[in-house]
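First the structure, in the form of structure tokens, and then the observations on it.
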Amino acid sequence: MTALMKLRYTATAAIAVFGILAGAAQADELADIKAAGEINIGIFSDFPPFSSASADMSIKGYDVDVAQKIADGLGVKLNLVSVTGQNRIAYLNDDRVDLLMSVGYSKERAEVIDFAAPYAPYYIAVIGPAALKVTGKEDLADKTVAVNRGTLEDTSLTAVAPGSAAIQRFENYNSVIQAFISGQTQLMVVGNDVGAQVLARQDELKPEQKFQLLSSPSHIALRKGEEGLKKTVNDSVAAMIADGSLDASSKSWLKAPLNPENLKD
């Protein structure tokens, strides 16, 4: 092989390698999802009415409706992955899930994950029995309060609670509710929709919403840099708002019509 032929061969090989690398660089999560024919979406499995086990043991709820619409729009199979407040960010960044449902926006989280469109109204409330006078954060002093560890509820409560407040952190929402109902704690901090179910069921305790800590619509989270997937999710949410399907899910699961104003940060 002459020197010129060697040079041409080397150049051709370099171009081929560059083409492979360029193709790999251009590949993104949206393309991977379509190629795999399935999407993995992380949800809380004990977060009614957003997601919880139904009578046939399948997971149903507002989040499941939205996740299914996203999967249907992509033409892929939906795989629901159970996550907790403690592991879900790691699951997302370790590629164990492609999207996360019910994620509240915060500047700290925005440093490590990205946020697609808000899709559900959500606010965090302090709930306690009617007999217990609590009107603001100052009244949390010397009170025991249950909260789900590692969630936006936890950070919101921790930010305002007086030093004498006894915050008891649990690993899931069921444990938070049980601690409150059983009297293990005097108060609990949960989202409005989780709290609404407790308010409706506990006649003897007569629980009520005391005050709000934070109003923050729920977002769909994804890994940073996935602009194609982000646009697809945003388009899916916009379509659900336009065709009324998100309003239908809100009426079915949240027991109220969807007010688009409640989807603004």
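The values are calculated or read from the model by the stated rules, or taken from the named source; none is laboratory data. Keep in mind that this is a model prediction, so the values were computed, not measured. Glycine gets a Cβ as well: all are built from the backbone with ideal geometry, and neighbour counts include every protein chain shown. Heads up: the accessible areas ignore ligands, DNA and RNA and are worked out on the full protein's heavy atoms, side chains in. Shrake-Rupley method; radii C 1.70, N 1.55, O 1.52, S 1.80 Å.
Some notes on this structure:
- Label-point gap, in nm, between Val112 and Ala238 - each point 7 angstrom along Cα→Cβ: 3.1 nm
- One decimal place: the segment Asn262-Asn174 gains 29.1 nm when fully extended, by the rule 0.36 nm per residue minus the C-alpha distance.
- Cβ-defined net charge surrounding Val83, 15 Å radius [Lys, Arg +1; Asp, Glu -1]: -1
- Expressed as a whole percent, the accessible surface of the stretch 27-143 that belongs to carbon and sulfur atoms is 50, based on a 1.4 Å probe.
- Virtual spin-label span in nm between Ser252 and Ala55, 7 Å along Cα→Cβ: 1.6 nm
- Normalised per residue, the volume of the convex hull around the Cα set of the stretch 122-213 (Å³): 79 Å³
- Computed on the chain, with alpha-carbon pairs under 8 angstrom and 6+ residues apart, the relative contact order is 24 percent.
- Amide H partners (placed H, <5 Å) of Val83, local residues excluded: Ile43, Phe44, Ser45
- Violating pairs (Cα-Cα greater than 30 angstrom) within the set Lys143/Lys230; Lys210/Lys264; Lys210/Lys230; Lys224/Lys264: Lys143/Lys230; Lys210/Lys230
- The mean accessible area for residues of the stretch 122-213, using a 1.4 Å probe and ignoring ligands and nucleic acids, is 45 Å² per residue.
- Cα gyration tensor category, rounded, prolate or oblate, for the stretch 169-213 with a/c compared to 1.5: rounded
- Normalising the Debye intensity of the chain to I(0), with uniform scatterers on Cα atoms only, and taking log10 at q = 0.09, 0.10 Å⁻¹ returns -0.47, -0.56.
- Within the chain, percent of DSSP bridges classed antiparallel, to nearest 5: 60 percent
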